[in-house]
């Protein structure tokens with residue numbers, strides 16, 4: 001019995017020892033398992049309510065290391081639990097009666113094993129779930145870390161580059177301290193500096209794109225990184241703004257003060273005038289005293305006013321030529337040779353002739369032209385005034401709408417017409433500008449040349465006397481010398497030009513006016529008794545020893561018996577003995593000719609051209625009758641009865657006043673009739689052009705069904721535009 005009891009006690013002690021050891025071992029497992037379960041639950045909650053990753057490299061790296069260091073510990077505890085459960089397996093038994101207070105050791109071990117098993121299962125499930133979620137989080141953290149490292153490196157590089165660029169900016173000198181000649185160099189260096197910063201611009205864009213991608217991934221940069229990125233963007237914008245402002249200031253300074261600027265032209269006007277520039281570089285002038293603006297230079301306005309004094313010249317070709325002579329001398333172009341002008345044209349590469357020139361190019365050419373004039377002639381020229389007035393005249397002639405553009409052919413035509421060169425050389429040069437490589441010119445190009453040339457008298461209001469703006473009759477007249485060929489040669493064009501055609505006669509007369517200015521004829525004017533005659537000398541080929549000065553002839557004054565419809569010879573150089581003998585023979589021959597002969601064979605100083613409406617210009621019966629009555633009236637005035645009248649009637653003051661008034665009325669009537677005839681001719685030409693334009697419009701509408709409207713340029717600054725008044729149209 002004792003033996004059995006001892007055996008039981010021994011087993012009991014052994015079982016107790018085993019239970020205590022089991023309890024200790026299970027207790028060592030239960031605590032870490034519970035910690036793991038709690039930690040996994042906490043991390044699961046953190047992942048479920050995951051806040052955005054903080055965009056800081058150190059914090060993201062710390063989060064990554066925490067996840068990586070916790071893994072081995074969890075795996076070791078789970079392996080210990082697995083080993084414990086393998087050593088102490090348990091069976092699913094019925095639940096012990098809760099009323100029984102004593103629990104057998106076996107049940108106790110089973111309960112402990114079951115509890116450990118449950119904890120291990122819970123921990124394993126939580127770990128697997130957390131591991132899967134952590135894998136995604138780990139990948140997200142890896143990507144975020146790479147992007148943050150890239151942003152950090154890029155921001156460091158940008159910060160260094162910005163420091164260097166800002167140090168360069170600090171070395172910039174103020175614009176006012178720079179030399180004018182160095183402005184192009186500074187402009188070029190600033191442009192190169194701006195180009196060198198192109199990689200920095202790309203870098204700033206990359207950094208901002210990375211920050212945007214992180215924001216899309218719900219990763220927000222830390223305060224420090226956000227502040228750094230904001231500073232980089234601010235510094236970059238300030239650097240760009242300072243570079244652009246610097247470049248603009250340099251370009252404005254170069255435009256206003258550089259060699260190609262218009263600043264030096266501001267000295268061409270005096271107070272209260274100010275020279276201003278419109279957006280398309282066209283100058284206009286502000287009168288601060290009158291508070292008005294106008295397109296024309298004040299000196300040009302004064303010049304136009306003086307041209308009105310020449311309106312009493314009866315013949316339009318001479319009136320136009322003398323007006324152009326005043327313009328030529330005011331612009332100092334009479335001292336410029338065509339050879340000098342050609343050199344300037346070649347230096348500025350004004351080919352092809354149909355290319356457009358802006359105002360700045362015109363100013364460059366004119367400045368070079370007048371500077372070359374100073375060098376060649378050794379004279380002092382007011383370059384700003386001459387350049388500004390020449391520009392003003394060219395714009396008035398070829399760009400009256402002030403668009404700021406003119407064709408190179410227009411510019412060269414204007415300079416060539418007013419330069420001091422033989423008229424033949426001018427015609428040769430003008431023809432060469434529209435001729436092809438073979439030296440031939442077709443009708444279209446000749447029309448372009450004549451259209452450009454006719455703009456010169458058009459600006460003076462004299463275009464109607466030279467065939468109007470319709471150049472087609474002149475083209476047909478010129479191509480009569482081409483013998484039916486589609487193109488004309490230079491020799492044929494010069495042959496036509498030597499006949500002084502109606503559309504170009506003003507250019508030849510301008511040459512004669514220039515030649516006659518310094519000429520003195522040792523003879524007396526039969527009208528005003530001036531001796532010697534200066535300028536033109538007009539010798540009558542109807543009466544002997546009758547000479548008229550240019551003032552009397554051009555204004556229509558004549559002595560009794562010396563009518564202007566008689567044949568007259570013009571001289572702009574001193575006469576020679578052979579010319580005197582020739583005129584004597586011609587005068588003797590004309591003595592035996594009647595007035596009807598001279599009326600049927602009127603002399604013209606130019607080659608007339610037939611208009612498109614030449615049928616409408618034929619002499620009507622009424623015009624012939626009017627001319628016949630006028631001849632009878634002239635005969636009555638010169639009749640002997642008037643010469644042999646009583647001295648009392650001649651000396652009667654009342655009769656003298658009536659006769660003087662009658663002469664004035666006849667002259668005025670003659671002027672009005674001539675002016676009306678010219679205006680009627682011009683009106684018919686305009687009607688012809690309108691008819692042709694309507695036909696062209698109908699063709700365009702039937703074909704393309706499209707049209708275009710050309711804008712008209714006006715200055716934006718002036719609120720009161722007061723262009724100068726043009727001279728009266730014609731004074732014949």
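Take every Cα pair under 8 Å whose residues are at least 6 apart in sequence, average their separation, divide by the length of the range 298-503, and the relative contact order is 21 percent.
Expressed as a whole percent, the proportion of Cα-Cα pairs in the range 318-381 lying more than 15 Å apart is 58%.
Look at 415, 277 and count the other Cβ atoms within 10 Å of each Cβ; fewest to most, that gives 277, 415.
Here the range 257-397 yields Rg over Rh of 0.98, to two decimals, using C-alpha coordinates and the Kirkwood radius. The ranking of 569, 300 by Cβ neighbour count inside 10 Å, starting from the fewest, reads 569, 300.
Neighbour counting of Cβ atoms within 10 Å sorts the residues 403, 474, fewest neighbours leading, into 403, 474. Based on alpha-carbon centroids, what's the gap between the range 367-383 and the range 475-526 in Å, whole number please? The range 367-383 and the range 475-526 have Cα centres spaced 30 Å from each other.
The modelled label-to-label distance for the pair residue 666/residue 170, using points 7 Å beyond Cα in the direction of Cβ, is 9.5 nm.
Within the range 298-503, the percentage of alpha carbon pairs spaced more than 30 angstrom apart rounds to 21%. Rg then Dmax, both in Å and based on the Cα atoms of the range 371-424: 12.9, 37.
All of the numbers you see were taken from the coordinates with simple rules; none came from a lab. Everything quoted here is computed from the prediction, not taken from an experiment. Every residue, glycine among them, receives a Cβ derived from its backbone with ideal geometry; neighbour counts consider all protein chains shown.
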